[in-house]
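Below you'll find the structure, written out as structure tokens, and then a few comments.
The values are calculated or read from the model by the stated rules, or taken from the named source; none is laboratory data. Treat the numbers as computed from the prediction; the structure is a model and nothing was measured. Neighbour counts run over all protein chains shown; Cβ positions are idealised from the backbone, glycine included.
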């Protein structure tokens, strides 16, 4: 039986009551996420070679359609659908599912916000410009074709231009979101680990083959998503924030125990 003011669900049978079911993962991912980030930064000099090969061998037909579909693993719609599946099919207590869903949302929001901020601060033109070594930073400008057909120098944060996303190559938001979703699912369901890893790899390959990112972009994005989501999920930031903002009323049986 929980204390009256507890915000954590009761342990399921077979678990120690004084331990979280995720204690075995509280140590976090360690330095592993640094590896794809470091590798991505190291291969920047080769991005141009890969880009030229991709633009010479453009994918099409069914393969392109499949890649366009699979690259949405981690996008908002896929996250919502999988969350609904968890809520409907997972047999664990409702409070457990509620807490972990909030942690999941926190992980997704954190990775999305950090990724977007880095895109603007780095300001790397996408592969369509074939300028892989150019980085604008927060104050630089780059010549981009506007939607009216004219060309103008814009900042990476110039939302009013309508084409600022052309300068948001690093990190890849798709790779970052895919890694975030993969980490969240793996922590909740460890048996899905290798399926999730495989889907993240597919997303990264798709973004490169479809000409949206350089290889370094997807590696940095995947590493950041891995690290940030691991921190948010294992520290239970979402459920802690939810408990602080929306305290749950004490149950009748708990109130009876406290009296």
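What to note about this one:
- Residue match in region 137-152 (condition: touching a helix residue (DSSP H, G or I) at 6+ places or on another chain (Cβ under 7 Å), surrounded by 15 or more Cβ atoms within 10 Å (Cβ to Cβ) and either at pLDDT 95 or above or under 30 Å from residue 54 (Cα atoms) (or both)): yes
- Candidates 231, 240 - the one that is surrounded by fewer than 20 Cβ atoms within 10 Å (Cβ to Cβ), in a helix (DSSP H, G or I), within 16 Å of the chain's Cα centre (by Cα) and at pLDDT below 95: 231
- Residue check for residue 181: crowded, with 18+ Cβ neighbours inside 10 Å, modelled with pLDDT of 95 or more, within 22 Å of the chain's Cα centre (by Cα) and more than 25 Å from residue 59 (Cβ to Cβ): no
- Hey, residue 213 assigned to a helix (DSSP H, G or I) and surrounded by 24 or more Cβ atoms within 10 Å (Cβ to Cβ) or not: no
- Filter pass, residue 191 being at pLDDT 95 or above, assigned to a helix (DSSP H, G or I) and out of contact with any strand residue (DSSP E or B) (no Cβ under 6 Å at 6 or more places or on another chain): no
- Region 26-58, residues that are surrounded by 13 or more Cβ atoms within 10 Å (Cβ to Cβ) and in a loop (DSSP other than H, G, I, E, B): 28, 29, 33, 43
- Just so you know, in region 159-177 the residues that are assigned to a loop (DSSP other than H, G, I, E, B) and at pLDDT 95 or above include one that is farthest from residue 37 (Cα to Cα), and it is 168.
- When region 59-75 is filtered for residues that are loosely packed, with under 13 Cβ neighbours inside 10 Å, out of contact with any helix residue (DSSP H, G or I) (no Cβ under 8 Å at 6 or more places or on another chain) and under 23 Å from residue 200 (Cβ atoms), the ones remaining, listed by number, are 62, 63, 65, 69.
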